[in-house]
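Structure record follows, encoded as structure tokens.
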Amino acid sequence: MKITFPYMGTSHIAFKMLIEDLGHEAIVPPKPSKKTLTYGTQNSPEFACLPFKILMGSYLEAIEQGAELIITSGGAGPCRAGYYGILHQRILQDLGYDTKIMVMESPYRNILDFLGKIRSVIAPTGVSWWKFVKVFRKAWEKLKVLDDVEILSHQIRPYEVNRGETTKAYKKCLEIVDTAYTLPQIREAKAVTAEMLNGVPQDRHRRVLKVGIVGEIYVVLEPFANHDIEITLAEMGVQTHRSIYLSDWTRESTGYESTEKVVEAASPYIDELFGGHGICSVGHSILYSQKGFDGVVQLAPFTCIPEIVAKPILAKVTQDFGIPVLTVFLDEQTGKAGLQTRLEAFVDLLTQKRDKLEGIAI
């Protein structure tokens, strides 16, 4: 069977290996582009958010490559993400496609349904549950390495001597991780890529700002959706830290990691889960303030209710903790040039604030 999945950050590298290890053909959708967004916008309801439209376009591009099954994740709480799969499926049917969408909900919600869907994928190729556990563990290790490599690249980029050198090294690192297929190879790839990135010439005397990135998971993780905001900020002398990576989200969804500390931090402002990552945007912003970060950028799809609810709460967080928050709403009309202008103004504000606190003449 030809199986595809959402393209989000670098996760496709791990998902491709997993699907192939299960005996299926992995159809990796093209990296999201203007074409992808155009496809998605033309075939989505006008009120749909940016992630919905990008995913719609991505699915159509994968179907053009022969995808027979789309495996995606679900959502919980008062967030429209929980309806994505159903609506995407109906749109595909209306367009005349018979490609099926399998929505993998959190095992917390229905463990039997979760296991049943896994069985429907492994049974046709005769993969045993024991082998599934083994290949899943391998894919999980690769996913964690991909996140670790990306985190390190964002830590180094603001200090690079030659602009663009970290990004070049990072692309080579992804190729190395992609070709690692056994657990020993994956672990070796982690060491090799760390050495490669740390080998980028750096000026550690630079005074860099630290900014946390919070918001809805897709626009935070997918560079096309946020116009490579982390690289843009790094080139302005800002070290970024994302509040969520896909391996973190997977741990939380399966119960291996709790968001208790984040929710507790947000509880003085709101103690109701209002869907998506809204409450996490509030909690992480408070934690970033406590860790000495200079500012926070909230990324949100236009019309995203959880992040709209979080926005005025973050204004109160700024008042109470003194940490500036820039909210960026993203849709198909958002341009990179306009976003860069806003980021430059925000970075200037953070720099002036830091210099004032340190008693440096402006």
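The values are calculated or read from the model by the stated rules, or taken from the named source; none is laboratory data. Here the structure is a predicted model, which is why all the values come from computation and not from measurement. Using ideal geometry, Cβ is built from the backbone for each residue, glycine included, and neighbour counts are taken over all protein chains shown.
Filter region 19-46 down to the residues that are buried (at least 21 other Cβ atoms within 10 Å of the Cβ) and under 22 Å from Lys144 (Cβ atoms), then identify the one that is nearest to the chain's Cα centre (by Cα).
Ile19
For region 101-130, how many residues meet the condition of being out of contact with any Asp or Glu (no Cβ under 8 Å at 6 or more places or on another chain), among the charged types (D, E, K, R) and without any contact (Cβ under 8 Å) to a residue 24 or more places away in the chain?
Total satisfying the criteria: 2.
Which residue out of Lys316, Lys261 is under 18 Å from Ile244 (Cβ atoms), among the basic types (Lys, Arg) and more than 18 Å from the chain's Cα centre (by Cα)? It would help to see each step written out before you state the result.
Values: Lys316 fails: under 18 Å from Ile244 (Cβ atoms).
The conditions single out Lys261.
Mind listing just one residue for me: the one in region 5-33 that is among the aromatic types (Phe, Trp, Tyr) and not in a helix (DSSP H, G or I) and, of those, farthest from Val121 (Cα to Cα)? Before the answer, list the steps.
Step one: of region 5-33, the residues among the aromatic types (Phe, Trp, Tyr) are 5, 7, 15.
Cutting the leftovers down to not in a helix (DSSP H, G or I) gives us 5, 7.
Values: Phe5: 13, Tyr7: 20 Å.
So, considering only residues that are among the aromatic types (Phe, Trp, Tyr) and not in a helix (DSSP H, G or I), the one farthest from Val121 (Cα to Cα) is Tyr7.
Residue check: is Ala337 modelled with pLDDT of 95 or more and either assigned to a loop (DSSP other than H, G, I, E, B) or surrounded by fewer than 13 Cβ atoms within 10 Å (Cβ to Cβ) (or both)?
The answer is no for Ala337.
Report, by residue number, each residue of region 146-172 that is hydrophobic (A, V, I, L, M, F, W, C) and within 17 Å of the chain's Cα centre (by Cα).
Passing the criteria: Leu146, Val149, Ile151, Leu152.
Cβ-Cβ distance below 8 Å, separation of 6 or more or different chains: which pairs start in region 1-17 with a residue that is under 19 Å from Lys53 (Cα atoms) and end on one that is hydroxyl-bearing (Ser, Thr, Tyr) and modelled with pLDDT of 95 or more?
Hits for this filter: Thr4/Tyr59; Pro6/Ser58; Tyr7/Ser58.
Checking Glu235 against (1) among the acidic types (Asp, Glu); (2) under 30 Å from Asp355 (Cβ atoms); (3) exposed (fewer than 14 other Cβ atoms within 10 Å of the Cβ), which test does it fail?
(3)
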